[in-house]
């Protein structure tokens, strides 16, 4: 005869990760408590640092810089802006060590994995293509391009 199942309540300060799924067709939801190993693996993967480069030093880039500071593991490592004065001020305000007046130099950095494009709209397509060709992940403010010909490039 099998031993009866015993339910042991978790302490109220336990911070275990819950894994689950939701079936939208019948509205059912299943939840499964993760194991300590799964929790450790999730925490370890969250500790990986991702170096981010900002292209642009205007209002939108400031919003992205502030938002990225709240993302665990994201580090804004470089910024590119053609205006030396704006570049210096922006980098100082956001504690960004890498400073470039040409975005192509930023794209040459192997440690930069992601670029956020906050440059003027007419430059989005050109910079996005260059970033993709450099092997970077791209986050681009809208619009991605200005016309169908740019979209095809």
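The values are calculated or read from the model by the stated rules, or taken from the named source; none is laboratory data. As the structure is a prediction and not an experimental result, all values here were calculated from the model. Here the Cβ is made from the backbone with ideal geometry for all residues, glycine too, and neighbour counts use every protein chain on show.
Under 6 Å by Cβ, and 6 or more places apart or on different chains, what pairs join a residue from region 111-133 that is on the phi < 0 side of the Ramachandran plot with one that is in a helix (DSSP H, G or I) and surrounded by fewer than 18 Cβ atoms within 10 Å (Cβ to Cβ)?
118/60; 125/150
Would you say residue 65 is touching a residue at least 24 places away in the same chain (Cβ under 8 Å) and surrounded by 13 or more Cβ atoms within 10 Å (Cβ to Cβ)?
yes
Just the residues that are part of a loop (DSSP other than H, G, I, E, B) and modelled with pLDDT of 65 or more, please, taken from region 27-74. Show your work before the answer.
Of all residues in region 27-74, those part of a loop (DSSP other than H, G, I, E, B) come to 27, 34-35, 47-49, 56-58, 69-73.
The answer is 47, 48, 49, 56, 57, 58, 69, 70, 71, 72, 73.
All but one of (1) touching a strand residue (DSSP E or B) at 6+ places or on another chain (Cβ under 6 Å); (2) modelled with pLDDT under 95 hold for residue 78, so report the exception by its number.
With (1) touching a strand residue (DSSP E or B) at 6+ places or on another chain (Cβ under 6 Å); (2) modelled with pLDDT under 95 applied to residue 78, the lone miss is (2).
Could you count how many residues in region 105-129 are in a helix (DSSP H, G or I), within 20 Å of the chain's Cα centre (by Cα) and surrounded by fewer than 18 Cβ atoms within 10 Å (Cβ to Cβ)?
Qualifying residue count, region 105-129: 1.
Residue 114 versus (1) in contact with a helix residue (DSSP H, G or I) (Cβ under 7 Å, 6 or more places away or on another chain); (2) within 12 Å of residue 53 (Cβ to Cβ): which is the lone unmet condition?
Result: residue 114 passes all but (1).
Out of (1) part of a helix (DSSP H, G or I); (2) in contact with a helix residue (DSSP H, G or I) (Cβ under 9 Å, 6 or more places away or on another chain); (3) surrounded by 16 or more Cβ atoms within 10 Å (Cβ to Cβ), the odd one out for residue 96 is which?
Of everything listed in (1) part of a helix (DSSP H, G or I); (2) in contact with a helix residue (DSSP H, G or I) (Cβ under 9 Å, 6 or more places away or on another chain); (3) surrounded by 16 or more Cβ atoms within 10 Å (Cβ to Cβ), residue 96 misses just condition (1).
What about residue 85, is it buried (at least 18 other Cβ atoms within 10 Å of the Cβ), more than 16 Å from residue 138 (Cα to Cα) and out of contact with any helix residue (DSSP H, G or I) (no Cβ under 8 Å at 6 or more places or on another chain)?
Considered against the rule, which asks whether it is buried (at least 18 other Cβ atoms within 10 Å of the Cβ), more than 16 Å from residue 138 (Cα to Cα) and out of contact with any helix residue (DSSP H, G or I) (no Cβ under 8 Å at 6 or more places or on another chain), residue 85 comes out as no.
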